[in-house]
């Protein structure tokens, strides 16, 4: 039902994007949010990303914006795509500490091989996403991803619910890398955002480097207490970046 509604709004977009938006819209029940972080792994085992929501999957509002890769994107082994989402100055430099929820979902597919058990050998190319660290500017992030290819030893001060390694997120013994649907979320203070929030999608070798993977990406920002408007300021900056083609590897747009 939700996928059908998304298709009405984005009829020419790939099914991978519908999958990403459904996962992006999912939330844990309120009672699950109030548990101790030590029990996050238990909640993930029982309900995964939570319950999808039609409105979040298909609409933005004054306090929430979702940015998407509107077309199907392909990436190969040892390749990386960089996404730069500009953050308005009034949000990043504001005096008060507004709480901003960041959600990121990567949905991808690759050529499978039945004789392998792990994701990294089951798929021809396996993908992961990585965000900029708190305080890391775009040029530093891009150099780290594209030039040095260096991985970091933690998630850079962002307290992701799952994390990119089993010991980094609040849900211990889980890693968002394990699977073709990779969602994570974190709450940070508005002043911790720099002038841009960056995401890298990286391709790694599985069993067949000649086959590229296809993917869709969704990134959301939400003022969880609805105490500061963010939709228009971010949308306006994203449109300016796309028009000027400044530092954007692949276009990322917003759902209406």
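Nothing in this text is a laboratory measurement; each read-out follows from the coordinates by a stated rule. Because the structure is predicted, anything quoted here is derived from the model rather than measured. No Cβ is skipped: glycine too gets one built from the backbone with ideal geometry, and neighbour counts run over all protein chains shown.
Odds and ends about this structure:
- With a Förster radius of 45 Å applied to the C-beta separation of residue 79 and residue 8, the computed FRET efficiency comes to 0.85.
- Diffusion of region 1-47 by Stokes-Einstein, at 20 °C in a medium of 1.002 mPa s and with Rh set to the Kirkwood radius over alpha-carbon pairs, works out to 171 µm²/s.
- Once you reduce region 180-241 and region 1-64 to the center of their Cα atoms, the two points are 15 Å from each other.
- Hull volume in cubic angstrom per residue (convex hull over the Cα atoms of region 27-96): 220
- Spacing of the two label points (7 Å from each Cα toward its C-beta) at residue 140 and residue 53, in nm: 3.4
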